[in-house]
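Read the structure below first, then the notes.
All of the numbers you see were taken from the coordinates with simple rules; none came from a lab. Note that the structure is predicted; figures quoted are calculated from it, not measured. Positions of Cβ are backbone-derived with ideal geometry, glycine not excepted, and every protein chain shown enters the neighbour counts.
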Amino acid sequence: MSKKSTSNVPAPSPAPAPAALPGRLTAAAVLTALEGLALAGLGVYMLYVGIAGDPDSPQQAETGGVTLLALAALPLIAARGLRLGRRWSRGPALITQLMAMPVAWTLWTTGGAMVAAAVALALTAVAVGALLVNPTATEALGIGPGEQAR
C-alpha cells in the first residue's frame, strides 16, 4: 500500500493577471481589426467574382482579390499586437491609417454611394490615429521619453 505524502508545500499561485489596457488602446485595436476585416472581405469578394463571376477581366479581379487579402494582414496583425499591448504594433497601425486617407479621398471623388464609404473610412482613420498618439496609449505601449524597450 502506498501512503499519500502530506507535505506542507503550498499550492502554486495563479499567474498574475496582465495589466488592463486603456480603453483608447482597445478601441484602436478594434477599429484597426475592423479595417482589416473589411479589406479581407473585399478581397474574398473580388476573388470570388474573378473565379465564379463574369468580370471584364477575371485575371485582374483575381489579382486584386489576392492583393487585398495580403494587404488585410497588416491591420489584422497590428490589431492583435495592440490588443496584446505590444510596442511594435503602433507603427503598422499608424501606417494603415495613413494608407487609408488617400483611399478615402479616391472614394470621395468617385461620388455616389462611395461618399459614405469615404466618410466612414476617413473618420475611422483619423480616430484611430488620434487614439494611437494619445499619451495614455503611448504610455500603455511603453513608448515615450525614458521608457525602456519591451
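In sequence order, the range 88-103 has phi-based couplings of 5, 6, 5, x, x, 5, 5, 4, 4, 5, 5, 5, 6, 5, x, 5 Hz under the Karplus curve 6.51 cos²θ - 1.76 cosθ + 1.60, θ = phi - 60°, and Gly or Pro positions carry x.
Modelled this way, with points 7 Å down the Cα-to-C-beta line, the labels at Asp56 and Thr106 are 1.5 nm from one another. Taking a ≥ b ≥ c as the square roots of the Cα gyration tensor eigenvalues, with a/c under 1.5 meaning rounded and otherwise prolate when a/b beats b/c, else oblate, which class fits the range 56-133? Because a/c hits 1.5 or more and a/b fails to exceed b/c, the range 56-133 counts as oblate. Label sites at Ala116 and Leu42, each approximated as a point 7 angstrom past Cα along Cα to Cβ, lie 1.6 nm apart.
Relative contact order, whole percent, for the range 50-150 stands at 19, derived from Cα pairs under 8 Å and 6 or more residues apart.
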